[in-house]
DNA sequence: CGGCCGTACTG
DNA sequence: CAGTACG
DNA sequence: GCCG
C-alpha cells in the first residue's frame, strides 16, 4: 500500500542516524532537494526552529498567514513582505538584491526553481509517522508549523529610501547576512583559504547597499584576515579604534544589560564591541557592520541609527533612566553586583547614605569596605603611582626572598594612562619561594602599613585537578600538579605624607597581588593582562579549537586532565623570564603573539 | 535550539 | 548553594 | 544577540 504523499524533504535535525535512514526508506516521495519539496518534514516543534532550518538550507520563503489562501500571490503581499519578521532571505534569492541579480552570489539552488512548487509547508514529523500508522494521509493542517511562499518574483522598484524603509531593507537583506554581504576585493591581501564560510568573494557591495548608504558607489574595504574569526584573542584590539564613538554607544547599552543582570546580552554586546574595536576602517554602511563577527542584524540596525542620528535611542533612554542610575551607583560598590544592587533598590534605597543609614549591618564585611572607600575607589590611578606601588611590593617580596620577578599587568600593561586598580604578578624561579608566599607578602605589607584591608586572600591550595586518569604515561616534564596561583585582593594606602595634616590624605587604592609558580607564570601574565573579552575568547578558543582548559594558573588537556607545559624550553629548562613564558604560551596555543596594547577588547 | 570562561572565596 | 570577583 |  503506497500512500499518496506530497513531495517531502526530510530535515535531518534531531534525528539519529538510524532514525534518519529508516524514515528515508519509508518516504515514497522523498526528495533530497529542498527546493522541490511541497512538504518539509522535521523533528521540530517550534516555528522559530523552522525558520532556523529554512535559513540553514538556504530556502527563501515568506510566511503565509493562516488567514491567507495558499496559492496565487495576493496584491497585498508586496507591502507585507517588508514587515514580516519571519521573512527569510538568502544569498541565493534574487530578492536579496532586489532584482539586481548577482551571478556571483548564486550557485546551486536557483536552477531548480523553475519546476519547483511555489509554496511549502513545514510539518511535524508526527504527521508522517501517524499517517503511516493510520494507513492514510492524515490532514496536514494539524501538524503544520509554518507555511511559506517561495521567493522567486522580483518586487517593484525601490525608491530613495526613507530611514524607516532603509531599516527594513537592511533587515531583509541581512536576514541571512553573512554569506552575501561580506565582500572583499579581489587582490586584497587576505586569502580565501582556511576561513570557511566567510570567504565568498564579491567584487562590490550588493545593490541594496547603495540605496541605503549613499548615492555614489561605495566599495567596502576588505575585511582584514583577522576579522574572519569569532575569537577576540586572534585579533589586534587597539585602545583607540576608528569607530570609537559608535562603540561608546554600544557600551552604554551593554552597561544597562549588566545592571539588569542580562549576562548573555552583555556577552553578545561584548563580542560585537570587540569585533568593532578590531575593525581598522571608519565604517560606512550597515552591511559593513553585519559582516563582522559577533555583529548581526541588531548591531547593524543600531549602526544605521547611529549614522543617521549620531546617537542611539536605547542608549539615551538607559542613560536617563533614574532606576538604572541608582543600580549603577550601587553596582560600583566593591562587593555589590547586579543582584544585590537590585535588592538595595527594592528596599527603597537610592543612595549610599540610605545604605549606611538603613542597611549598614546587613552588609558583608567587604561591602562595608566598598562603601567606606567608594569615592576613593572611583578615582583612577596614574601610571606613575601604579609603578610606585608595584615597586614597593617587589621590594618587600625580595626582602622576604631575593630573586622575585614582577610584571605589572591589568590595564596598566595594556597602556591605560590611569587604572582602576593595580595588578601585579610576582614569581620566582625557585618553586619553594612562591609556595605560601602570598600570606607572607600580605603580612609584610600590613606591617609596613601599606595594606589597610584584605578583601580576598586566595591560597587555593596546591592540590587541584588531579584527575585519576591523568596518570597515564609519565609525562616527562611538568609531571603532575602545578602549584597554585595565589592572590590577594587588598586595599592599599601609602602611609607616608608630608603635608603636615594629622590624617593621612593619600587615597585608598585597590591592589591585586598575584603569586604564580614559575612554571605557569606565562599563563598568569597572559591571563591578567588582557581585557575581559580577550580572556573569555581565549578560554573558548582553547576549549573549542584545542581541547584545552586555560586558566591563569595553567593549561590542562580536556581529554585526560594532564597538565600541558608550553612555557619550559625544549629540554624542559624553565623560561628565562615571565614575558618569554607568556610568548611561549601564545605560541603553544597556536596564537599569534599580541602586544598588550592590542588586547584592549573592552 | 543550545552555547556563551574558568576558578575561588564568602556567608 | 547563590553571589561576587578577576582579567 | 549571535553562532554553529
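One residue stands out among those in region A:530-544 that are within 16 Å of DNA strand D (Cβ to nearest atom) and closer than 14 Å to residue A:267 by Cβ: the one that is farthest from the chain's Cα centre (by Cα), which is A:539. Residue A:585 fulfils the conditions (1) part of a helix (DSSP H, G or I); (2) crowded, with 21+ Cβ neighbours inside 10 Å; (3) within 9 Å of DNA strand B (Cβ to nearest atom) except for a single criterion, (3). Restricting attention to region A:250-268, does a residue exist that is within 13 Å of DNA strand D (Cβ to nearest atom) and under 22 Å from residue A:593 (Cα atoms)? No, there is no match, as no residue in region A:250-268 is within 13 Å of DNA strand D (Cβ to nearest atom) and under 22 Å from residue A:593 (Cα atoms).
Looking at A:303, A:279, A:269, can you tell me which residue is under 16 Å from residue A:532 (Cα atoms) and either in contact with a helix residue (DSSP H, G or I) (Cβ under 9 Å, 6 or more places away or on another chain) or within 16 Å of DNA strand C (Cβ to nearest atom) (or both)? If you could, list the steps in order and put the result at the bottom.
Numbers: A:303 fails: under 16 Å from residue A:532 (Cα atoms); A:279 fails: under 16 Å from residue A:532 (Cα atoms).
When all the criteria are applied, what remains is A:269.
Taking the criterion of being crowded, with 24+ Cβ neighbours inside 10 Å and more than 16 Å from DNA strand B (Cβ to nearest atom), the residues of region A:292-305 that qualify are A:300, A:303.
Residues of region A:285-294 include none that is within 13 Å of DNA strand C (Cβ to nearest atom) and under 26 Å from residue A:530 (Cβ atoms). Checked against (1) in contact (Cβ under 8 Å) with a residue 24 or more places away in the chain; (2) more than 16 Å from DNA strand C (Cβ to nearest atom), residue A:339 passes all but a single condition, namely (2). Residues in region A:485-496 that are more than 12 Å from DNA strand B (Cβ to nearest atom) and either in contact with a helix residue (DSSP H, G or I) (Cβ under 8 Å, 6 or more places away or on another chain) or under 25 Å from residue A:368 (Cβ atoms) (or both): A:491, A:492, A:493, A:494, A:495. Within region A:502-513, no residue that is under 17 Å from residue A:426 (Cα atoms) sits with its Cβ atom under 7 Å from a residue that is within 16 Å of DNA strand D (Cβ to nearest atom) and part of a strand (DSSP E or B) at 6+ positions apart or across chains. Residues in region A:312-331 that are over 23 Å from the mean Cα position of the chain (by Cα) and part of a loop (DSSP other than H, G, I, E, B): A:320, A:321.
Can you pull out every residue in region A:548-566 that is without any contact (Cβ under 8 Å) to a residue 40 or more places away in the chain and more than 10 Å from DNA strand B (Cβ to nearest atom)? Correct list: A:557, A:559. Determine, yes or no, whether residue A:572 is touching a residue at least 60 places away in the same chain (Cβ under 8 Å), farther than 21 Å from residue A:415 by Cα, near DNA strand B (Cβ under 10 Å from one of its atoms) and not assigned by TED's automatic domain parsing to the domain that holds residue A:234. When the stated conditions are applied, residue A:572 does not pass them.
Here residue A:308 passes the criteria (1) in the same structural domain as residue A:237 (by TED's automatic domain parsing); (2) surrounded by fewer than 18 Cβ atoms within 10 Å (Cβ to Cβ); (3) within 25 Å of residue A:421 (Cα to Cα) except the one numbered (3).
Here's the yes/no breakdown for (1) within 11 Å of DNA strand B (Cβ to nearest atom); (2) at pLDDT 60 or above; (3) more than 28 Å from residue A:530 (Cβ to Cβ):
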| site | (1), (2), (3) |
| --- | --- |
| A:421 | no, yes, no |
| A:428 | no, yes, no |
| A:434 | no, yes, no |
| A:448 | no, yes, yes |
| A:458 | yes, yes, no |
| A:464 | yes, no, no |
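Within region A:278-290, identify whether any single residue is in contact with a strand residue (DSSP E or B) (Cβ under 9 Å, 6 or more places away or on another chain), buried (at least 18 other Cβ atoms within 10 Å of the Cβ), at pLDDT 95 or above and not in a loop (DSSP other than H, G, I, E, B), and answer yes or no. Full working, then the answer.
In the first step, residues of region A:278-290 are kept if they are in contact with a strand residue (DSSP E or B) (Cβ under 9 Å, 6 or more places away or on another chain); the result is A:278.
Still in the list and also buried (at least 18 other Cβ atoms within 10 Å of the Cβ): A:278.
In the following step, the residues that additionally are at pLDDT 95 or above were identified as A:278.
Now restrict to residues that are not in a loop (DSSP other than H, G, I, E, B): A:278.
Yes, that holds for at least one residue.
Only residues that are farther than 30 Å from residue A:494 by Cα and away from DNA strand B (no atom under 11 Å from the Cβ) were counted across region A:524-547, and they come to 1.
Of A:389, A:369, all but one fail to be touching a strand residue (DSSP E or B) at 6+ places or on another chain (Cβ under 7 Å) and within 16 Å of DNA strand B (Cβ to nearest atom); the exception is A:369.
Those residues that are at pLDDT 65 or above, in a loop (DSSP other than H, G, I, E, B) and more than 11 Å from residue A:147 (Cα to Cα), I need them from region A:49-69; list them, please.
Step one: list which residues in region A:49-69 are at pLDDT 65 or above, which gives A:49-55, A:57, A:59-65.
Subset that is in a loop (DSSP other than H, G, I, E, B): A:57, A:59-60, A:64-65.
Matches in region A:49-69: A:57, A:59, A:60.
Assessment of region A:344-354 against the conditions (surrounded by 13 or more Cβ atoms within 10 Å (Cβ to Cβ) and closer than 17 Å to residue A:256 by Cβ) yields at least one matching residue.
The values are calculated or read from the model by the stated rules, or taken from the named source; none is laboratory data. As the structure is a computational prediction, the values presented were derived from the model and not from experiment. In this analysis, Cβ positions are derived from the backbone assuming ideal geometry, glycine residues included, and neighbour counts consider all displayed protein chains.
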